[in-house]
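Here the structure is laid out as structure tokens; the discussion comes afterwards.
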Amino acid sequence: MTNLQQQLDDLKFRLGEVHDLGAAASVLNWDQSCYMPPKGARARGEQLSTLSSLAHRLFTAPAVGGLLEALDARRDQLAPGDAALVRETRYDYDRSTRLPEDFVRRFSEAQSHGFNVWMEAKPKSDWKSFQPAFATLVEMLREKAALLGHTGSPYNALLEDYERGMTAERLRPLFADLAVRQKALVEALVASPHQPRLDWTAGPWSLEGQTRFSRGVLEAMGYDFAAGRRDAAPHPFCTCFDVDDVRITYRHDEDDLFSALMGDMHECGHALYDMGYPVEFRRTPLCGAPGLGIHESQSRLWENIVGRSRPFWSHFLPALRGAFPGRLDAIDEDTLVHSLNEVRPSLIRVEADEVTYNLHIIIRFELEVDLMEGKLAVADVPDAWNAKYKHYLGLDVPDHRRGCLQDIHWSEGMVGYFPTYALGNLYSAQLFQALQRAIPSVWGEVAAGRLGGIRDWLRANVHRIGRTKTAPEIIRDATGSAPEATAYIQYLETKYRALYRL
Ligand code: ZN
């Protein structure tokens, strides 16, 4: 065995250990959300903290740095997959070792303090009690940006953790263009005399009916129940321990026929991505997506483009009627699809429709950039938030619970995360346009309940790549264009003008 091969094997062995610790922590996190009794929280926090510091210590060990340096110097002698592994691992290693242990510890304390204060403050709409904790986090995020290093805005150093290679300078014009076009579309749709009927949607809709129907949809999408499971949790999410163990959760709402179902399609979109990495990437950093935006493109493509389309319901409506006997006999596809795509400016991001959704993101992006660049003081966040909701969505924010305290992200110091949701929307439309060129009959297939062609195309063009390419490279290679907004705007205009008869 050559020295090179030995070094590669040694690196893979160490990465496997780090991966296993991460996967074990994910199982504990999943259990915490789904099954853990409330009194277990304290011990669980300690267990998770032990696993994460152990994983961090193993990964940032000088021996790993030495192996990476030696292998990187001979990268041209490595097979392409191994060269990508060394490149990606070195990227992670360099970033992890730039933050001193003392900073990591202090930041993690500030995060858990921020989260605890926010949990108390949100129900009471009490910004003033959250403000000092958030100010500390913002100060530390500036410190983090300086430690990580950046060109341009300090925001870029944080954005890099979630959407590698993306910058505030690139997002600003993209989002400005989206804001103008989506705002105009919202205004036209709200003014249309043809509004959706919502009288028939009142619950209760039984858990049993919702679960039975959902399972059929997940099976049609290709979710492998032998390599995953679906459990109830306070919030829907997808978690991957291995390509052969990818789980999703749902939150049942008796009063809402669609929220759990759309959540299932969303999480299943994430799950299909994680189930689709090549097995040879197992237990290495290549077994993942290159950014959150591209991961989100999969969930949004399935949930919104497929799940809220007319062809999808022309196949699945009879099964939905079967799950709720006698309840939906008078509801036709057009009524259902229009109801499911109701557009209405609202205060809460997670409840927003497709046409207003990006406006919520743009508001957060603008505030975060100003905070990081020192142009906005933490004390002025509520006023700035409310002014932007008035400007972009025409809404008066009645209290901070439904305003700047609504999201969990800032309480945990997650700044730079939000743009990935909007990028997921843009990528989803670009990918679906390319998919339609490759499979011109795709909507006929959907209308026949055959969703496998979509999954297979996504698997070949996105999932199987893992982290061997960046997100912009995946988009460019799959669609022929760089990430851009036109496909998404075209998608929204075509779909919603038809639904609202404009
Ligand atoms: Zn998602």
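Details
- Cβ pairs under 7 Å, 6+ apart, first in segment 167-183 and closer than 13 Å to residue 369 by Cβ, second crowded, with 18+ Cβ neighbours inside 10 Å and β-branched (Val, Ile, Thr): 168/369; 175/362
- First in segment 211-237 and at negative phi, second anywhere and open to solvent by 70 Å² or more (accessible area, probe 1.4 Å) and assigned to a loop (DSSP other than H, G, I, E, B), Cβ under 6 Å, 6 or more apart: 227/244; 236/251
- Pairs meeting the criteria (first residue in segment 462-482 and within 9 Å of residue 277 (Cα to Cα), second residue of a type in the set (Lys, Arg) and buried (at least 21 other Cβ atoms within 10 Å of the Cβ), beta carbons under 6 Å, at least 6 apart or on different chains) are lacking.
- Residue 292, sole failed condition from (1) touching a helix residue (DSSP H, G or I) at 6+ places or on another chain (Cβ under 6 Å); (2) within 16 Å of the ligand (Cβ to nearest atom); (3) more than 30 Å from residue 14 (Cα to Cα): (3)
- Any hit, segment 275-286, residues being outside any helix (DSSP H, G or I), within 12 Å of the ligand (Cβ to nearest atom), touching a His at 6+ places or on another chain (Cβ under 8 Å) and open to solvent by 20 Å² or more (accessible area, probe 1.4 Å): no
- Qualifying residue in segment 310-317 (condition: of a type outside the set (A, V, I, L, M) and within 16 Å of the ligand (Cβ to nearest atom)): no
- Residue match in segment 299-309 (condition: within 16 Å of the ligand (Cβ to nearest atom), among the charged types (D, E, K, R), within 12 Å of the chain's Cα centre (by Cα) and open to solvent by 10 Å² or more (accessible area, probe 1.4 Å)): yes
- Residues (touching a helix residue (DSSP H, G or I) at 6+ places or on another chain (Cβ under 6 Å), closer than 19 Å to residue 175 by Cβ and in contact (Cβ under 8 Å) with a residue 24 or more places away in the chain) located in segment 371-392: 371, 372, 388, 392
- Filter result for residue 296 (out of contact with any Asp or Glu (no Cβ under 8 Å at 6 or more places or on another chain), without any contact (Cβ under 8 Å) to a residue 60 or more places away in the chain and of a type in the set (Asp, Glu)): no
- Within segment 397-428, the residues that satisfy the criterion of being outside any loop (DSSP other than H, G, I, E, B) and away from the ligand (no atom under 16 Å from the Cβ) are 400, 401, 402, 410, 411, 412.
- Residue check, residue 137 farther than 30 Å from residue 324 by Cα, hydrophobic (A, V, I, L, M, F, W, C) and at pLDDT below 95: no
- Residue list for segment 67-90, filter: without any contact (Cβ under 8 Å) to a residue 24 or more places away in the chain and surrounded by 13 or more Cβ atoms within 10 Å (Cβ to Cβ): 72, 75, 83, 87, 90
- Answer from 354, 342 - the residue that is among the acidic types (Asp, Glu), more than 18 Å from residue 168 (Cα to Cα) and within 16 Å of the ligand (Cβ to nearest atom): 354
- Filtering segment 321-350 to residues that are of a type in the set (A, V, I, L, M) and surrounded by fewer than 18 Cβ atoms within 10 Å (Cβ to Cβ) leaves 330, 331, 348, 350.
- Just one of the listed residues (142, 105, 95) is under 25 Å from the mean Cα position of the chain (by Cα) and open to solvent by 70 Å² or more (accessible area, probe 1.4 Å), namely 142.
Matching residues to (1) surrounded by fewer than 18 Cβ atoms within 10 Å (Cβ to Cβ); (2) small (Gly, Ala, Ser); (3) more than 19 Å from residue 364 (Cβ to Cβ):
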position: 121; (1), (2), (3): no, yes, no
position: 132; (1), (2), (3): yes, no, yes
position: 158; (1), (2), (3): no, no, no
position: 173; (1), (2), (3): yes, no, no
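- Segment 193-232, residues that are open to solvent by 10 Å² or more (accessible area, probe 1.4 Å), touching a Leu at 6+ places or on another chain (Cβ under 8 Å) and of a type in the set (Gly, Ala, Ser): 203, 220, 222
The values are calculated or read from the model by the stated rules, or taken from the named source; none is laboratory data. It should be emphasised that the depicted structure is a prediction, and the values quoted were computed from it without experimental measurement. Because the Cβ atoms are built from the backbone with ideal geometry, glycine has one as well, and the counts that use them run over all protein chains shown. For accessibility, only protein heavy atoms count, side chains too; no ligands or nucleic acids. Shrake-Rupley method; radii C 1.70, N 1.55, O 1.52, S 1.80 Å.
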